[in-house]
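Written below as structure tokens is the structure these notes are about.
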Amino acid sequence: MQIQLLSGALLVGAAAFAASAAQDSQTTAPQSKDCCAATQPAAAHALSTPFLEPVAGPAAIGRVTFLGEAGGKAVLEGDKPEVKPLDIDAEKSKGCMPEGQAMDTSDHSLLVDDKGGVANVVLIVTVKDAKVTVPDKPFVLDQAKCRYDPHVAVVPVGTTVEYHNSDTVSHNVHTYPKRNLAMNPTIPAGAKETQKLEKVDEIQIGCDIHPWMSSYLIVTDTPFYAVSGKDGSFSIAGLPEGTHKVDWWHEKLGKGKADLVVKADGSSEPLEIKLGAEKKNKKR
């Protein structure tokens with residue numbers, strides 16, 4: 001269900017970004033040799049690039065402020081929208097959870113905290129001549145307790161993605177890419193499938209066995225990107241002097257563009273963007 005955008009403003013004031021950090025790495029989960037044994041969840045993965053902290057992103061509705069190394073926050077202005085729990089069929093969810101534990105029915109497609117922070121907003125900054133570095137190790141998208149983890153992630157072009165199944169039931173990873181090759185393999189308990197993403201893309205992922213499962217992979221050709229955290233906060237580092245294109249995206253609240261002018265000292269003047277349902281629809 002699409003949610004209409006309300007009037008709002010996006011405020012960006014970049015200041016004193018830090019130098020780039022070291023290349024991050026992903027750790028994959030050990031695979032069980034016993035098909036029927038309980039498996040351990042895949043190791044936690046970092047969402048950061050060599051230039052970013054794990055959380056980042058502008059607001060889909062409202063304001064976001066870049067505050068140097070401290071980052072900023074994606075905030076929803078106005079009333080918090082009602083998000084209904086996922087419709088999870090009891091029969092299809094058998095085996096998803098350990099005995100006695102209830103399913104998580106929260107809908108991660110629109111997460112707004114009590115202070116209006118918006119999670120899972122993708123921020124991508126285009127910098128002329130900036131080159132992406134393909135990670136040495138695969139990026140892990142796990143299936144645990146019949147949920148995808150993470151729900152939204154950004155990876156550089158050329159990244160190898162490992163689709164893990166940490167559950168004791170089978171899943172299938174059904175991808176809906178716009179440019180990369182689609183896939184729909186069944187992944188038994190404790191197994192994994194691998195795919196190399198060669199093109200810039202916005203890939204929606206689902207499981208036909210458990211239809212409430214969903215995830216997004218954004219494939220980018222810039223090293224400056226991130227995803228907003230649970231409280232809408234973010235941090236970004238390494239942006240050089242110049243005028244850079246900023247693109248933001250959210251699966252329910254649409255997308256937008258801006259020009260970000262970074263001065264020699266790493267600061268920028270505030271940039272205001274007015275957002276509305278009419279503008280969102282025109283961009284589609």
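Data overview
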item	result
Any hit, the range 123-130, residues being under 21 Å from K252 (Cβ atoms) and at pLDDT below 95	yes
Which listed residue is buried (at least 22 other Cβ atoms within 10 Å of the Cβ) and touching a residue at least 40 places away in the same chain (Cβ under 8 Å), from G238, G190, G242	G190
Residues of the range 156-187 that turn out to be assigned to a loop (DSSP other than H, G, I, E, B), surrounded by fewer than 19 Cβ atoms within 10 Å (Cβ to Cβ) and β-branched (V, I, T), as a count	3
Residue in the range 105-122 that is of a type in the set (K, R), touching a strand residue (DSSP E or B) at 6+ places or on another chain (Cβ under 9 Å), surrounded by fewer than 22 Cβ atoms within 10 Å (Cβ to Cβ) and farther than 26 Å from G256 by Cα present	no
Residue within the range 190-197 that is in contact with a strand residue (DSSP E or B) (Cβ under 9 Å, 6 or more places away or on another chain), modelled with pLDDT of 95 or more and under 19 Å from D107 (Cα atoms) present	no
Which listed residue is surrounded by 19 or more Cβ atoms within 10 Å (Cβ to Cβ) and of a type in the set (G, A, S), from A130, A144, A153	A153
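The values are calculated or read from the model by the stated rules, or taken from the named source; none is laboratory data. These numbers were taken from a predicted model, which means no experiment stands behind them. With ideal geometry, Cβ positions are generated from the backbone for all residues, glycine too; neighbour counts draw on all protein chains shown.
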